[in-house]
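Take a look at the structure set out below.
The values are calculated or read from the model by the stated rules, or taken from the named source; none is laboratory data. Every value quoted in this text rests on a predicted model; they were computed, and no experiment measured them. Neighbour counts are summed over all protein chains in view; Cβ atoms, including those assigned to glycine, are modelled from backbone coordinates with ideal geometry. These area figures cover heavy atoms from the full protein model, side chains too; ligands, DNA and RNA do not enter into them. Shrake-Rupley method; radii C 1.70, N 1.55, O 1.52, S 1.80 Å.
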Amino acid sequence: MKHAGMLFVLLLAACGNDAPVKPDALVLIDAAPDAAPDAPSCAAPMKMCGNSCLAVATDEANCGNCGVQCKGGEACDGACACAPPFIPATVAPGGFDQFQAMGGAQIAIGPVFDAAGIHPIVIGYSAATPLGTDIDLSTVTVGTLPFVAAGYRVDTMTFTTDAAFVATAGTLRLTSACATDVAGTLTDATFRGVTGGLMNPMVDPNGCMFTGITMTFHISTSPCP
């Protein structure tokens, strides 16, 4: 805060009853500065990062402290750490299954629940994805169809996941697939931690990894015709 303006004080001296008065001296007095404003602050467990109060206990982009970025597949629980094993051996239909059409792609989302939270299993495919055929995922470019991805712990405030993974190797075999139902198996898969989320994954070479994952899945809102 800048100081208040300078105060000008005019001191006058009398020179007799009939004599005019004139300035005797002009004195400049520096006014006392205003009190400094309080520094911005946040209530715990938030922390001021720049001009924002952030939840550094859970924010993957500011984990534990401002600017500490978690790697792909890491979640923030006070500090960055790889997500614990959470990909199940079986995904069965449930009342919260969802399907989304994105261009020519079908995206099936089957959430699984455990003590840590909600973890979405995501299968991406299209009408061109063959049924009853083994597909080597190591030959499929990340971000293209077909794919299998998994998110660790949905943040119900932002509807994002605390960590994301995509299968970069393993054998995918679909036994049924339509706009409302997909079923199949994933065998001996490697899941790599990614940045960019489940819909725009970029493998982090320094991120977390799960290997040897085998899963039977069936995600459905209604059976295929």
* Sole residue being touching a residue at least 40 places away in the same chain (Cβ under 8 Å) and open to solvent by 60 Å² or more (accessible area, probe 1.4 Å), chosen from M202, M157, M215 -> M202
* Which residues, taken from the range 76-116, are out of contact with any strand residue (DSSP E or B) (no Cβ under 7 Å at 6 or more places or on another chain), over 30 Å from V56 (Cα atoms) and in a strand (DSSP E or B)? -> A101, M102
* **Single residue of G197, G207, G193 found to be at pLDDT below 95 and not hydroxyl-bearing (S, T, Y)** => G197
* **Subset of the range 168-189 that is touching a residue at least 40 places away in the same chain (Cβ under 8 Å) and more than 21 Å from P93 (Cα to Cα) - its residue that is surrounded by the fewest Cβ atoms within 10 Å (Cβ to Cβ)** => G170
* **Contacts under 6 angstrom Cβ, first residue in the range 113-136 being crowded, with 16+ Cβ neighbours inside 10 Å, partner hydroxyl-bearing (S, T, Y), 6 or more apart** => H119/Y152
